[in-house]
Each structure stands twice: as structure tokens, then as C-alpha cells.
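Chemist: Below is a structure I'd like to ask you about.
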Amino acid sequence: MPAFTRTELLLETLTVVADTLVDDFDVVEFLHDLVERCAAIFDAVDVGLVLADSHGDLVVMASTSERLHLIEVLQLSAGDGPCVDSYESGSVVTAGDRENITLRWPAFALAAQDSGYQSVHAVPLRLRQKTIGSLNFFSDSPGVFEVKDVLVAQTIADVATIGLVQEQAIREASLARAQLQHALDARIVIEQAKGIIAHSRNVDMESAWRTLRQYARSHESRVSDIAKAVVEGLVVL
């Protein structure tokens, strides 16, 4: 991503998010682009995003690193952690140091400490009174989420949420579960494709993801479509 000021990054991100209000866009690619942009805007080490499926279970949809992906999967499996709390409460959850993290989520704190994270902040993805997931910021140093940062992060999250629902659902203030479920299903296929690529190339999962994403971009295709082709053996990377 080119060098921009924080304000320029924010404005560009809001423009990109607003563009999702069209009828057809790649949800998986959009969410990965969103977490990368948020990491740059807030100078976070890692940013992740989780969404609820049609059963109300949270699923990791995007993360800026494999270590964060694994921690969020563990957190969701345990049903305890900042991302879960933000989703369930529909409010911002913040822990500015390891002591605070340990007091609130002992099991999660161990995994966070092992990965070097010292502070975490989670912002709900919500539409009116309905929360569909959370946007989560991790840092390798202690620090509070300033009021202005909360407002900016919540604005991004709110606009992104609108982009994840269909026009009819927006009018009715209800969620377009079909589109979200499709994205969740695509995420499973992408993880399978990453595993295949990692095995065939003898690389880690992050390198496999970069290979998959770069191939999709160079061929002007959806990441989910290329992942499906890899799983089916139609594309070899």
C-alpha cells in the first residue's frame, strides 16, 4: 500500500468500504483488504474480523497474520475473549495491558502473551440493534484506545456492516444472511486451498495465502473462486 497520511488512509478506506454497496462484490477479498487498511490506520500489529454465521456462531473471516488467525480461532472455540464480548454486548471492548487482559480473559491471555500481544481492542460490527461480528485490534505494546480512535474505528465498522447486507435487508433493518453465509462457506474453502498450497510448496500458511491472493488478483478473479479451483485440482499453485 502506498505511503499516505492517516487522514488520507481513513478517507480512502471509507470510500472503498462505501463501494461495497453495489450488488456484487467479493466479500472475502473486501474483508481482508479492510483489516489490512485498519492495521495501517491505527498502527496496530494485527487486525482481525469475525462474523456470525446463520446459527449465531462466530467465525474468523479475515486476519492480517496467521498467528492472529490461530488465536482468534482458539478464542471462539472457548467462547471467551474480547472479540466474543464485543459481539455479545454490541459495544466496544478494550484492554490496554496484559494485566487487564489476564483479569478479564485468563485463558485468552496466555495465548495472547505467547504471541507477544500486550493490548487488544474490539469494535462491534452492528446495524442498529443487531450485531453481526466484531473488528479486532491487537498491539505488541500497552496502550488505551483513545475516544477519537474509538469513533473512527466504529465508523469504519458501521459502514462495513452496511456493505455486508443487501439493499432489501437495509430497508427492513434485517441481515442478508444468504450473502454472509456464502462468505463463511468460502472461508472454509480458502483455508483448504491454503493448506494444499502450503503442502505443495513447503511453505507456511501466510505464504500460501499471499500466493493464492496474488494469483487471484493477477487473473482478475475472486479469491474464493481460485481457492475452489485449487481444492478441485483445476488450478495448481
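Chemist: What is the chain's relative contact order, in percent, from Cα pairs under 8 angstrom and six or more apart in sequence?
Modeler: 18 percent
Chemist: Moving on to the next point. At a Förster distance of 30 Å, what's the computed FRET efficiency of Leu74 paired with His182, Cβ-Cβ distance as r, to 0.05?
Modeler: The pair Leu74/His182 has a calculated efficiency of 0.75.
Chemist: Between Ala111, Val235, Ile71, whose Cα lies farthest towards the positive end of the dipole of the chain when Lys and Arg beta carbons carry +1 and Asp and Glu beta carbons carry -1, centred on the Cα centre?
Modeler: Val235
Chemist: Computed from these coordinates, which is Cα extents along the principal axes in Å: [x] 49, 45, 40; [y] 57, 36, 36; [z] 58, 40, 27?
Modeler: [x]
Chemist: Also, I was wondering about something else. Restricting to DSSP loop positions (anything but H, G, I, E, B) with no more than 13 other Cβ atoms inside 10 Å of their own Cβ, which trypsin sites (Lys or Arg not before Pro) remain in the stretch 94-170?
Modeler: Arg128
Chemist: Considering only Leu125, Gly195, Ile226, whose Cα is most displaced toward the positive end of the charge dipole of the stretch 81-237, charges sitting on Cβ of Lys, Arg (+1) and Asp, Glu (-1)?
Modeler: Ile226
Chemist: Quick one: if the Förster radius is 25 Å, what FRET efficiency do Ser89 and Leu151 give, using the C-beta to C-beta distance and rounding to 0.05?
Modeler: The pair Ser89/Leu151 has a calculated efficiency of 0.90.
Chemist: Would you calculate the separation in nanometres between label points at Glu220 and Arg98, each defined as 7 Å from the Cα along the Cα-to-beta-carbon direction?
Modeler: Between Glu220 and Arg98, the label points sit 5.0 nm apart.
Chemist: Of Asp46, Asp149, Asp158, which has the largest mean-square fluctuation in a 10 Å C-alpha GNM of the chain?
Modeler: Fluctuation is largest for Asp149.
Chemist: Based solely on its DSSP helices, what 222 nm [θ] is calculated for the chain when runs of n ≥ 4 H residues each add -39,500 (n - 2.57) and the sum is averaged over all residues, nearest 500 deg cm²/dmol?
Modeler: Computed mean residue ellipticity for the chain: -18000 deg cm²/dmol.
Chemist: A follow-up question, please. Run through the stretch 175-237 and list the trypsin sites (Lys or Arg not before Pro) located in a DSSP loop whose Cβ has at most 13 other Cβ atoms within 10 Å.
Modeler: Taking the stretch 175-237 and a limit of 13 other Cβ atoms within 10 Å, no loop trypsin sites (Lys or Arg not before Pro) are found.
Rule-based calculations on the coordinates, nothing more; no lab input. If you're wondering where the values come from, they're calculated on a predicted model, not measured in any experiment. Cβ atoms come from the backbone with ideal geometry, glycine included; neighbour counts cover every protein chain shown.
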